[in-house]
Each structure stands twice: as structure tokens, then as C-alpha cells.
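Below is one structure, written out as C-alpha cells, with a few remarks after it.
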Amino acid sequence: MIADFPIAGRPGIILGLDGPSQVFLPSEGVMVMADPRRSEFGDFLRSRREKLSPKAVGLPGGRRRRTAGLRREEVAELAGIGVDWYIRLEQGRTVSPSVTTIDALARALRLGKAEHAHLRALALNADRRAFSRESVPDVIRRLVEGLNQPAYVTGRRWDVLAWNSAADEIFAFSRLAEEDRNTLMSVLTNPHTRGLFGSAWADEAKRMVAQFRATHDLWAGDPAFIDLLERLRQGCPEFAPWWEAHDIGGITAGRKRLSHPKKGSLRFEYATFQANDDPALKLVIYTPV
């Protein structure tokens, strides 16, 4: 999925939901084909610019602004690059910013560590191979099944590929159809999983959406990711505005408190580990505390 909703006539906005995306350039009066990954790069720049106030970067507020955030020319000046060059970047045009330019934009937009890393990743040449669901080596599958604490393995699209009985007792992966066996789908659309988080569900779901956005943008336009986003929109009314915000979150270890209908209140520390066999595979382990 390249954009959330079609907005005609706005510079740099992607028109249409599926297939090749297009960018409307009013100054040139044309529609140009846009690479989905470059489009996400431009949309991310725009979202950060619109959330940054002049005061936050030491600029005077001045007269009333028609739109929220900084103007494009202000970001360009703060980054030390040309205005036209910045506009091309935000429109998702075919340009190749240097690492120096990326770092300057990150400073100008006051990006956090995860956001800065995301901007760098999007600027790299895209791997345009089509996504395919990963397979878990038998040795990793046996390792997971042999653990006493809840554990499961996910792939690039956050599909749950292997799990043990301890994880199944909590998350009920075995009861889900294969196409629904995805951590984001489960937390956002499955009543059982939503119920585990109780009143903390919205904060947890929003955090996960921001983390997944960093993965999605590298696979923007891939049919498997387009399908997942469409199903998330249909199954979770809260998803669309969270996605449109284009927030980016990093993957970190932490703590979770779950409320299980049979096991009662559960507290865990959790961490994610990358598999040497295939870097796309992530092992997630929950330790009771």
C-alpha cells in the first residue's frame, strides 16, 4: 500500500491505492510514475516536517501559517540544501541523496535514532525481489519447541512461522488460519489478542504500527504487503489514522502485562533475536517476571 487515501491536486501525494503509483506535479502539470519506496521516503519527510513547529528549531513563528509545521524552504535552509532539491525529495522524484544530505535532513527535522536509521534505509537502492513467506529451519523449530517460556519466530512481514506450546497457550496461534497468523493482524484485529492487553491495547497497537511502518516502507508496493495493509484497514478502524501519521518506532526489548482469561494477570520481559541462518527470521522470547 502506497498511500492511505487519494488526495487530488496536492503536491507529492500518491494517487490511488493499488498498482503503480503516480505523483501529481502542479508546477509541471504532469503525472509522473513514482517508485513506491521513493514515495514512502517523500511521505516520511513530509510527515516529519508537518509535525515540527518553527519554535522547535529556533525559528520565529511569524504570521499565521496556512498549514501545520515547517515550510519546505525552511527545512531546506536548515539542512543546507536547495529548495528545489528538497521538493524533489519530498515528491518522491528519482533523485539519489548522499549520506551527508540524509544526515543533514535528519538534523533539520530533529529525527530520533530510529527515524534517522529509517531515512537512511529508504535512501538505499531497493531490493525489488517479490516477497515470499520464509521457512524456518528444523533446528530452529526444535529449539523453539524445546523452550519452557513462550517463544515464536516471525518473518519480514511479521508472519508467525513457528511457535511453542507455551506461546500457543497465551496467543492461540494454532487456532488461527495461516493468513491471519501475523503478529500485527493478531493484535489489531483478533478479539482474543486485543483482550490480552486490556486498557493498554491502544498504546501497544499504535507502538506496533510505528514499528511495522519501518519494515513496510522498505517493501512498499509489494503485493503481499498491500494485501496485509488492506486487511488491517478492514479489520481495525483505528489503524488508518495511525498509519497515515507515518510514525517510526525501533524494535527494543521491554516488558508486557497481559490479562489472560484463564491464566489471569501475566507479566513478561521480552526480547527479539535475529537468526544467523536467515536474517529475516526473528526469534521472540517471553520470560515471566
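The values are calculated or read from the model by the stated rules, or taken from the named source; none is laboratory data. Quantities reported herein were computed from a predicted structural model and do not represent experimental measurements. For neighbour counting, all protein chains shown are included, and Cβ atoms are generated from backbone atoms with ideal geometry for every residue, glycine included.
Per-structure values
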item	result
The lone exception for residue 211 - which of (1) surrounded by fewer than 16 Cβ atoms within 10 Å (Cβ to Cβ); (2) under 18 Å from the mean Cα position of the chain (by Cα); (3) polar (S, T, N, Q) it fails	(1)
Among (1) closer than 21 Å to residue 205 by Cα; (2) in a loop (DSSP other than H, G, I, E, B) - the single one residue 149 does not satisfy	(1)
Which listed residue is assigned by TED's automatic domain parsing to the domain that holds residue 243 and of a type in the set (Asp, Glu), from 115, 145, 74, 90	145
Extreme residue, nearest to residue 213 (Cα to Cα), among residues of the range 73-120 that are touching a helix residue (DSSP H, G or I) at 6+ places or on another chain (Cβ under 6 Å) and among the acidic types (Asp, Glu)	90
Residue that is farthest from residue 215 (Cα to Cα), among those in the range 254-274 that are out of contact with any Ser or Thr (no Cβ under 7 Å at 6 or more places or on another chain) and among the hydrophobic types (A, V, I, L, M, F, W, C)	266
Single residue of 266, 229, 218 found to be among the aliphatic types (A, V, I, L, M) and more than 26 Å from residue 117 (Cα to Cα)	266
Test: residue in the range 124-131 that is outside the structural domain of residue 96 (by TED's automatic domain parsing), of a type in the set (A, V, I, L, M), touching a Gly at 6+ places or on another chain (Cβ under 8 Å) and modelled with pLDDT under 95	no
Residue within the range 249-272 that is under 16 Å from the mean Cα position of the chain (by Cα) and free of Cβ contacts under 8 Å to residues at least 24 places away in the same chain present	yes
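Residues checked against (1) at pLDDT 95 or above; (2) in the same structural domain as residue 156 (by TED's automatic domain parsing); (3) surrounded by fewer than 19 Cβ atoms within 10 Å (Cβ to Cβ):
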| site | (1), (2), (3) |
| --- | --- |
| 207 | yes, yes, yes |
| 219 | no, yes, no |
| 224 | yes, yes, yes |
| 237 | yes, yes, yes |
| 241 | yes, yes, yes |
| 258 | yes, yes, no |
| 275 | no, yes, yes |
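One line per residue, one yes/no per condition, for (1) over 25 Å from residue 257 (Cβ atoms); (2) among the small types (Gly, Ala, Ser); (3) surrounded by fewer than 14 Cβ atoms within 10 Å (Cβ to Cβ):
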site: 103; (1), (2), (3): yes, no, no
site: 124; (1), (2), (3): yes, no, yes
site: 144; (1), (2), (3): no, no, no
site: 171; (1), (2), (3): no, no, no
site: 198; (1), (2), (3): no, yes, yes
site: 201; (1), (2), (3): no, no, no
